[in-house]
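The values are calculated or read from the model by the stated rules, or taken from the named source; none is laboratory data. Just so it is clear, the model here is predicted, and its values are computed rather than measured. Cβ sites come from the backbone with ideal geometry, for glycine too, and all protein chains shown count toward neighbours. For the accessible areas, the whole protein counts, side chains as well, though only heavy atoms, and no ligand, DNA or RNA atoms are used. Shrake-Rupley method; radii C 1.70, N 1.55, O 1.52, S 1.80 Å.
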Amino acid sequence: MASTTKEVLTDLSPVIKVYTDGTVERLFGSPHVPPSPEDPTTGVSSKDVAISPAVSARLYLPKLTHPTQKLPVLVYYHSGAFCLESAFSFLHHRYINLLSAEAKALVVSVEYRQAPEHPLPAAYEDSWDALQWVCSHVLDQTLFEKDQWITNHGDFARVFIGGDSAGGNIAHNIALQAGSESLPGNVKIIGGILSHPYFWGSSPIGNEPKEDIEQNFVYRLWLFVHPSAPGGIDNQLINPLADGAPSLSGLGCSKIFVCLAEKDQLTSRGLVYVEEVKKSGWKGEVEVAVVEGEDHCFHIYGPETETPSAKNLIKRLASFISTEINEFFLRSLNPSDGLEKAIYVRVPLGFRRLREYNIALLAKQSWRVAMNPDTLLHQGLVDCWPAALAKWRRANGFNHWAPVVAPGLTRSILSIGPKCCSVTRKWQRLSPWSVVGGGIDQGGILARGR
């Protein structure tokens, strides 16, 4: 009798096996679960959408405080070594429900193609396509039917990307791509979350194994998922520190949060990555957290996500998403300036009182926001009173530009609306702002929350 035992071609236990007949056996992972109209634990709603014939996603919408509420958008890339798990798997579904509820964010969890059936760079291509699809919702016309959750509740001035392990690696590479290629509608990425990012290289760092380097599991796994990678383990996609890799100064976001775990063998390289970003000349802000006593992706793969460490990390991730700082150009309209000049004003849009008291940006009377106010209003960035807005427009001869309000900063600041005085007094009493720059004329950061 002929043997029915299949011959193993590639054995990467305890993760995956490939047999000579082409069969793929995934040895680790959680089962797929359906989306839920309302998660019983978090109240988050979820649904699945098709982005393209090759790419799909699961969308998560937290409970809304009002029907037109705008939320930050997180485009998320799941973990799984580029060959395991799914946006639809139980572990990631549970995790994103918790994160969406805590951050009050609309999450797009991307189902990208996986190796070995679809070797890299397929996952990177799918992840970029998914981000483009999300950002395309800001456009008036698209070649696809827009998703109503994204259209009605997505705040395109608060777009984040993020992922865990392989997903953290993807987030890094997508941020680099966004630094060199424009997204639809010129949408900008505010922040990137790199949680336990899957980076490696041929030169050991820290506690990485220094012998039999090519036999290391992380090394072998990369060659399995990207067998044609130029440079092998020192390809720029897996080793952002390699010679010839793109400069980290080109990261196309305003801030990043790198999450690491003390017992994770990827942590040493993650810490060096953080230092290299800081030294690169990148103008953004870097935050790093190393969770003591924990291992790789503990907040997802642990038997429970309700441990103190997991809950604290999810809260930190949520805070990173909900307290973002955004940048806006202001243009001088003063003819005496000669050439039109532009500056930045940075405002923490996630600060809840900012929206509560109808306060949006800082603006001088001779400056205007270099963005259509209808877009600002649509994105929930500017709340102003129609009568005062019309009066200001008539007085200044502008038909298409909106004024904005700055509490507690009355000199050279245009204040509109009958609530300005009372709002300013209340704001000053709360003291959430401090002036850290000279004035709008000098540009730079004018004010920040504290």
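Observations, loosely collected:
Listed here are the residues, each with its yes/no results for (1) of a type in the set (S, T, N, Q); (2) assigned to a loop (DSSP other than H, G, I, E, B); (3) modelled with pLDDT under 95.
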{"position": "Leu237", "(1), (2), (3)": "no, yes, no"}
{"position": "Leu241", "(1), (2), (3)": "no, yes, no"}
{"position": "Ala245", "(1), (2), (3)": "no, yes, no"}
{"position": "Ile256", "(1), (2), (3)": "no, no, no"}
{"position": "Asp264", "(1), (2), (3)": "no, yes, no"}
{"position": "Ser268", "(1), (2), (3)": "yes, no, no"}
{"position": "Leu271", "(1), (2), (3)": "no, no, no"}
{"position": "Val277", "(1), (2), (3)": "no, no, no"}
{"position": "His296", "(1), (2), (3)": "no, yes, no"}
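- Sole residue being open to solvent by less than 50 Å² (accessible area, probe 1.4 Å), part of a loop (DSSP other than H, G, I, E, B) and of a type in the set (S, T, N, Q), chosen from Ser228, Ser202: Ser202
- Restricting region 183-199 to residues that are closer than 16 Å to Asn239 by Cα and among the hydrophobic types (A, V, I, L, M, F, W, C), the residue that is surrounded by the fewest Cβ atoms within 10 Å (Cβ to Cβ): Phe199
- In region 76-90, residue farthest from Ser30 (Cα to Cα) [restricted to those that are touching a residue at least 60 places away in the same chain (Cβ under 8 Å) and surrounded by 24 or more Cβ atoms within 10 Å (Cβ to Cβ)]: Tyr76
- When the criteria are applied in full, Lys104 meets the requirement of being at pLDDT 95 or above, more than 13 Å from the chain's Cα centre (by Cα), on the phi > 0 side of the Ramachandran plot and open to solvent by 10 Å² or more (accessible area, probe 1.4 Å).
- Failed item, numbered, when Leu260 is tested on (1) under 28 Å from Ala105 (Cα atoms); (2) open to solvent by 60 Å² or more (accessible area, probe 1.4 Å); (3) modelled with pLDDT of 95 or more: (2)
- The one condition in (1) open to solvent by 10 Å² or more (accessible area, probe 1.4 Å); (2) out of contact with any His (no Cβ under 7 Å at 6 or more places or on another chain) that Thr151 fails to fulfil: (2)
- Test result for Asn173, open to solvent by less than 10 Å² (accessible area, probe 1.4 Å), part of a helix (DSSP H, G or I) and either modelled with pLDDT of 95 or more or in contact with a helix residue (DSSP H, G or I) (Cβ under 7 Å, 6 or more places away or on another chain) (or both): no
- Selection status of Ala123, farther than 28 Å from Pro67 by Cβ and surrounded by 24 or more Cβ atoms within 10 Å (Cβ to Cβ): yes
- Per the listing Glu214, Glu208, the residue uniquely assigned to a helix (DSSP H, G or I), more than 16 Å from the chain's Cα centre (by Cα) and at negative phi is Glu214.
- Complete set of residues in region 136-170 that are out of contact with any Phe, Trp or Tyr (no Cβ under 7 Å at 6 or more places or on another chain) and either polar (S, T, N, Q) or in a helix (DSSP H, G or I) (or both): Ser136, His137, Gln141, Thr142, Gln148, Trp149, Ile150, Thr151, Asn152, His153
- Of all residue pairs spaced 6 or more apart or on separate chains, those with beta-carbon atoms under 7 Å, a first member in region 3-32 that is touching a residue at least 12 places away in the same chain (Cβ under 8 Å) and a second member that is assigned to a strand (DSSP E or B) and open to solvent by 70 Å² or more (accessible area, probe 1.4 Å) are Ile16/Glu25; Ile16/Arg26; Val18/Leu9; Tyr19/Leu9; Thr20/Leu9.
- Inspection of region 180-199 finds a residue satisfying the criterion of being under 30 Å from Val24 (Cα atoms), of a type in the set (Gly, Ala, Ser) and touching a strand residue (DSSP E or B) at 6+ places or on another chain (Cβ under 7 Å).
- Filter pass, Phe144 being open to solvent by 50 Å² or more (accessible area, probe 1.4 Å) and closer than 20 Å to Val55 by Cβ: yes
- The residues in region 113-142 that are within 18 Å of Ala178 (Cα to Cα) and touching a Ser or Thr at 6+ places or on another chain (Cβ under 7 Å) can be counted, and the count is 3.
- Verdict on Lys63 being assigned to a strand (DSSP E or B) and basic (Lys, Arg): no
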